[in-house]
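What follows is calculated from the coordinates using simple rules that are stated; it is not laboratory data. Quantities reported herein were computed from a predicted structural model and do not represent experimental measurements. FYI the Cβ positions are ideal-geometry reconstructions off the backbone, even for glycines, and counts take in every protein chain you see.
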Amino acid sequence: MAHFAQTSPAASQPALSWDDSVAAQVPRCYDGGANFGRLDRDQCQFSGAQVVVIPLPYDSTCSARGGMREGPARILQASWWIDFYHSHLRFDPADVGIATLDDVHPHMAGPQQHIERIAQTCWNALQFNKFLVTLGGEHTVTVGVCAALVRKFGPFSILQIDAHLDLRDQWEDTPWNHACVMRRMAELVTAAGGDGPRSLVQVGIRNVSSDEQAYLDERGLQPFFARDLHATSQQVWIEQILERLGPRVFVTVDLDGFDPSVIPAVGTPEPGGLYWQQVVAVLEQVFRRRQVIALDVNELCPIAGQNVSEVATARLIAECLAYQFAPPAAWKRWRG
Ligand SMILES: [Mn+2]
């Protein structure tokens, strides 16, 4: 991406607006067949579900390969063929109810308007006290999710699994580019009274621009580079991550944080990434020891003729939902 000039002067803290005339109403759901997990009616009804899956197909600002608008549908489809039952927790997260909302269709006026549309949808679901699982779509969609979470919870930490920092102030003529999402999310947390930049815990990083490095240096921020994690004891770096996370955590997984040998179907793959066991190990600790307020998985960019990435993504979500909802007795039996 280095050959693209950073265009026009940086925008500082662009504001999102809300439409509060929209009353909280039960959103449209897939109530049979095509929902996440292909669950029966008793498990996928919005009213009884503790989890709400929100498909966010979008690929308007991505730099390299398009196709992320097809990501959410492919993740849903992959979810039909796996059992959510967790062998070691002996717990099925489908039992807490998982409703799947209708797609949030792209707003064609531009990324800011689309982010606002996503924020409204998430805010609506949050008013029913649901645990959100959002499916991207390019990483830009996460800004809308974050805006709704900030409105509901106030400041929180953000655990970001990613190959990229996404800390550019502006990219390819918009502050709402997918390369700027963590910068925007830090601003949202700061606006709610938190220390946005310090609330970011970025893990798996292996692609940094010089202006992003300057941002890190100015603020004394230290992301967790994949290179360093591979050279450190897993128990040690997981504890270092936990130390940096506050009591409430929003987990956002850009699938390119994984090594491409695990998840090849991403728009901007980078070698040297995290392995399945590493990501699952850190997420287990985070879900167990912090209050995770939402899970976001994004940047799935399907490759025709194979579904390994989609299946891994659906499995990752099922794993996280088991961590989130398994009762203490299940943990005690497994981990002691
Ligand atoms: Mn990325």
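Projecting the Cα atoms of ASN129, GLN277, ALA78 onto the dipole axis of the stretch 46-335, where Lys and Arg carry +1 and Asp and Glu carry -1 at the beta carbon, places ASN129 farthest toward the positive end.
Stretching GLN25 away from VAL308 to a fully extended chain increases their span by 98.2 nm, per 0.36 nm per residue minus the current alpha-carbon distance. Fewest-first ordering of SER199, SER63, SER87 by other beta carbons within 10 Å of each residue's beta carbon gives SER87, SER63, SER199. Annotation: extensible slack from HIS105 through ASN207 equals 33.7 nm (criterion: 0.36 nm per residue apart, minus Cα-Cα distance).
Residues HIS86, HIS139, HIS105, ranked from the fewest to the most other C-beta atoms within 10 Å, line up as HIS105, HIS86, HIS139. Taking a point 7 angstrom from the Cα of TRP80 along the C-beta vector, which residues in the stretch 39-73 have backbone N less than 19 Å away? The answer is 39-45, 53-57, 70-73, whose backbone nitrogens lie closer than 19 Å to the label point. Modelled spin-label separation between GLU239 and ARG65, with each label point placed 7 Å from Cα along the Cα-to-Cβ direction: 3.9 nm. Dipole magnitude for the stretch 46-335: computed about the Cα centre from +1 point charges on Lys and Arg Cβ and -1 point charges on Asp and Glu Cβ, it is near 1060 debye. In order along the stretch 304-309, the Karplus-derived 3J(HN,Hα) couplings, from 6.51 cos²θ - 1.76 cosθ + 1.60 at θ = phi - 60°, round to 4, x, 9, 10, 4, 6 Hz, and Gly and Pro are given as x. Approximating the spin labels as points 7 Å out from Cα along Cα→Cβ, the TRP334-to-ALA34 distance works out to 3.2 nm. A cut-off of 5 Å between modelled amide H atoms, ignoring neighbours fewer than 5 places along the same chain, links VAL266 with CYS301.
Each residue in ARG69, ARG198 was given a count of other beta-carbon atoms within 10 angstrom of its own, and listing them fewest first yields ARG198, ARG69. Extension gain for the segment ASP173 to GLN277, taken as residue separation times 0.36 nm less the Cα-Cα distance, is 33.6 nm to one decimal.
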